[in-house]
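Engineer: Shown below is the structure under consideration.
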């Protein structure tokens, strides 16, 4: 299946970013154990980077948690999109699924035109990126600062590049293009006026009603075979 190949490629890119996070967290003084536990339990890269950045700058616990929780809030919208896929599973399976509801799994699942493939894409992508992310974190934390500046090496670009690849399949459909345009305009419009991280949260919430409206019968934009859940 194509999504398995794509998921492994995406997982490898996430793993490279995990190395970057491990290096930064170790440099901030978290140590190998705390760094790895953070990735195992939190598992949302943007929030982890934000928390480590604030902590490294000497911020308080409240200042550290604020941006991290703000960035993680977008996963609520993703949970709405994934509910039809995992909502009827046993409780234990749903708890595991909740840990895996992130940008990559949501995008990969909703990009599948075959409803039967959406669950497979979600679980396979989740397993791939969770494994690669935590392996990368461990490698980065063990290597510490010996790898040098992650930005100088260019590995900080791995996640943005992977996310662009995730968005591309959704732009093939009219509802996907509408949702993408709404999200982009919302985020760019808010950047000069609000705190860092908030534009992403608001944009993620905005694409859900935009996608649903564009797929409604009245909009005339939904087409047979288009994904039926918001990205």
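The values are calculated or read from the model by the stated rules, or taken from the named source; none is laboratory data. Nothing here was measured: the structure is a model prediction, and the numbers come from that model. In this analysis, Cβ positions are derived from the backbone assuming ideal geometry, glycine residues included, and neighbour counts consider all displayed protein chains.
Engineer: How many of the residues making up segment 27-43 are surrounded by 16 or more Cβ atoms within 10 Å (Cβ to Cβ) and either under 20 Å from the mean Cα position of the chain (by Cα) or at pLDDT 85 or above (or both)?
Structural biologist: Looking only at segment 27-43, we keep the residues that are surrounded by 16 or more Cβ atoms within 10 Å (Cβ to Cβ), and these are 27-28, 30, 32, 35-36, 38-39, 43.
Applying the additional criterion that residues be either under 20 Å from the mean Cα position of the chain (by Cα) or at pLDDT 85 or above (or both) yields 30, 32, 35-36, 38-39, 43.
Adding up the residues that qualify gives 7.
Engineer: Would you point out which residue out of 50, 46 is modelled with pLDDT under 75 and either within 17 Å of the chain's Cα centre (by Cα) or farther than 27 Å from residue 23 by Cα (or both)?
Structural biologist: Going through 50, 46 in turn, just one is modelled with pLDDT under 75 and either within 17 Å of the chain's Cα centre (by Cα) or farther than 27 Å from residue 23 by Cα (or both): 50.
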